[in-house]
Amino acid sequence: MQAEQTTLARRLGVSAHVSPLRKKLTRLQERYPGRATDTLEDWLTDVANARGARIVLRPGISLSDFRGPPLEELTMEELIVAICQPHCLDRPQILRLAAQLISRGSVRLPWLKLIAERERATPVLVALAREALRVDPSHTLWLGLAGLKTRQRPVTQRLLHWTRLADPEMENGRCNATRWRLVA
């Protein structure tokens, strides 16, 4: 018997709404099944990994035979918002995948903002943006997300420490913890 797992919404003290994106994800998960995906969050991790986000991997899972949905069916913006939805299980590590996809700079900010507001993921993205901007204060996408206004309650607690979104830069073969870069 699996222990009850809490959601991000419960930790943040907000309610989860009926989500059209969540329904779409469930349909896509049925059409593009992954290996040993007990939860939607496991499947989202596999999809993000298949799209090149490797900051978090599921142990013991090989993605060589996983075929996730194409971008035409699940856009990068939808994937990022899906990972940041309050509906998700409270697994802070998977938020790192969304951050890595944003840090790459290959998402459309207006589209991401629109989907995030509709899916009530804006407060999570703003909280991640605050942490990412500690590493790279000039990152265009993170700056655009940090300034978002929303009707939802803001996240007042730290979801992830900024070092979980970055890697230290190496200097002379040694870690130089005075300089960091976002994982992209």
- Across the stretch 107-130, the tally of residues that are surrounded by 18 or more Cβ atoms within 10 Å (Cβ to Cβ), more than 22 Å from Asn49 (Cα to Cα) and either touching a Leu at 6+ places or on another chain (Cβ under 8 Å) or without any contact (Cβ under 8 Å) to a residue 24 or more places away in the chain (or both) stands at 6
- Query: If you scan the stretch 88-106, which residues turn out to be surrounded by fewer than 21 Cβ atoms within 10 Å (Cβ to Cβ), more than 10 Å from the chain's Cα centre (by Cα) and either without any contact (Cβ under 8 Å) to a residue 24 or more places away in the chain or at negative phi (or both)?
  - Reply: Leu89, Asp90, Arg91, Arg104, Ser106
- Among the numbered conditions (1) under 23 Å from Arg91 (Cβ atoms); (2) of a type in the set (Ser, Thr, Tyr); (3) at pLDDT 75 or above, tell me where Thr156 comes up short. (3)
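The values are calculated or read from the model by the stated rules, or taken from the named source; none is laboratory data. Note that the structure is a prediction, hence the values are computed from the model and not measured. Please note: Cβ atoms are built from the backbone with ideal geometry, for glycine as well, and neighbour counts cover all protein chains shown.
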